[in-house]
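The values are calculated or read from the model by the stated rules, or taken from the named source; none is laboratory data. Source: prediction; values computed, not measured. Note: ideal-geometry Cβ built from the backbone for every residue, glycine included; neighbour counts use all protein chains shown. Each accessible area value is taken on the protein alone, full model and side chains, heavy atoms only, with ligands, DNA and RNA left out. Shrake-Rupley method; radii C 1.70, N 1.55, O 1.52, S 1.80 Å.
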Amino acid sequence: MKTALILEGGAMRGLFTAGVLDYFTEKKLSFDLAVGVSAGAAFGCNLKSHQKGRVLRYNTTYCRDKRYCSLKNLLTTGDLYGADFCYRMLPDVLDPFDYESYREDPCDFWCVCTDAESAEPVYKQINSLTNDEFLYMRASASLPLVSRAVEVDGRRLLDGGISDSIPLDFAKRMGADKCVLILTRPKGYRKKPIAAKALIRLLLRKSPRLADAICTRHVRYNRTVEQIEDAEGRGEVFVIRPSAPIDVRVAERDSSRLARAHAEGLKHAENAFDALLAYLNKVE
């Protein structure tokens, strides 16, 4: 039996996901496969490196640091989140990432990006988080219009949530028998159509397929959520999600809000843990 963990994005709502994963780390719960999108990838890789508390720690420590996230970054570099700070200074100097533990953990970790030209999803296995693999992780979390496309392996890549926000079908194609999903929206949430479609098409006029994908994302997202809720009702997947909207902004600078989102994740994981184990251990 192959188990899969699927991690939705959602920018700083990902602190909820980090709380869930910290509880999993404490309980030494492992998966054969993990697939992260955007913040789900950037934060989720800490499960594979066994670094409980790291996501909460560096986000609450640096959320007000202009090098991390600021309008100044956006105006001077084209990235709201500072690429050098987030993907070099943080993991290598300020709050070291445990690359050795990551490599030694047997879970196959994947991230999802979106090709800026074709608007198709790109799935990349992240084996060691070095060299080009960090570029894929950065691309997965590069939000359109507030981030530059990341150039890697001859492609320009952006946020994976544009093309595949919740990659359940991908996990199944990879042979997953049991799928656990951590979502960052409450049950019943549905995305609404984007109001500024004309502006998006104007700003992305050189990438019309990408503009179309952004403008129609709500259709794909809502279809996937309905699929998940149907499968959940039949007991085919297990979902952990917040019971109410997570009160954080994309560029949250209030460390107490981030800590509350993380605490909600911990609480929901603890409350669901016995049922989760029963699901994973059930023989079909």
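Side notes on the structure shown:
- Helices (runs of 4 or more DSSP H) lying entirely in the range 54-137 (those with 3 or more residues that are touching a residue at least 12 places away in the same chain (Cβ under 8 Å), touching a Phe, Trp or Tyr at 6+ places or on another chain (Cβ under 9 Å) and not polar (S, T, N, Q)): 54-62
- Complete set of residues in the range 161-178 that are under 14 Å from residue 36 (Cβ atoms) and either modelled with pLDDT under 95 or among the hydrophobic types (A, V, I, L, M, F, W, C) (or both): 166, 168, 170, 171, 174
- Single unsatisfied condition, residue 24 versus (1) out of contact with any strand residue (DSSP E or B) (no Cβ under 7 Å at 6 or more places or on another chain); (2) outside any helix (DSSP H, G or I); (3) open to solvent by less than 10 Å² (accessible area, probe 1.4 Å): (2)
- Just so you know, in the range 63-76 the residues that are out of contact with any helix residue (DSSP H, G or I) (no Cβ under 7 Å at 6 or more places or on another chain) and among the hydroxyl-bearing types (Ser, Thr, Tyr) include one that is least open to solvent (accessible area, probe 1.4 Å), and it is 70.
- Counting the residues of the range 221-254 that are among the hydrophobic types (A, V, I, L, M, F, W, C) and more than 13 Å from residue 179 (Cα to Cα) gives 6.
- Only one of 266, 210 that is hydrophobic (A, V, I, L, M, F, W, C), surrounded by fewer than 22 Cβ atoms within 10 Å (Cβ to Cβ) and part of a helix (DSSP H, G or I): 266
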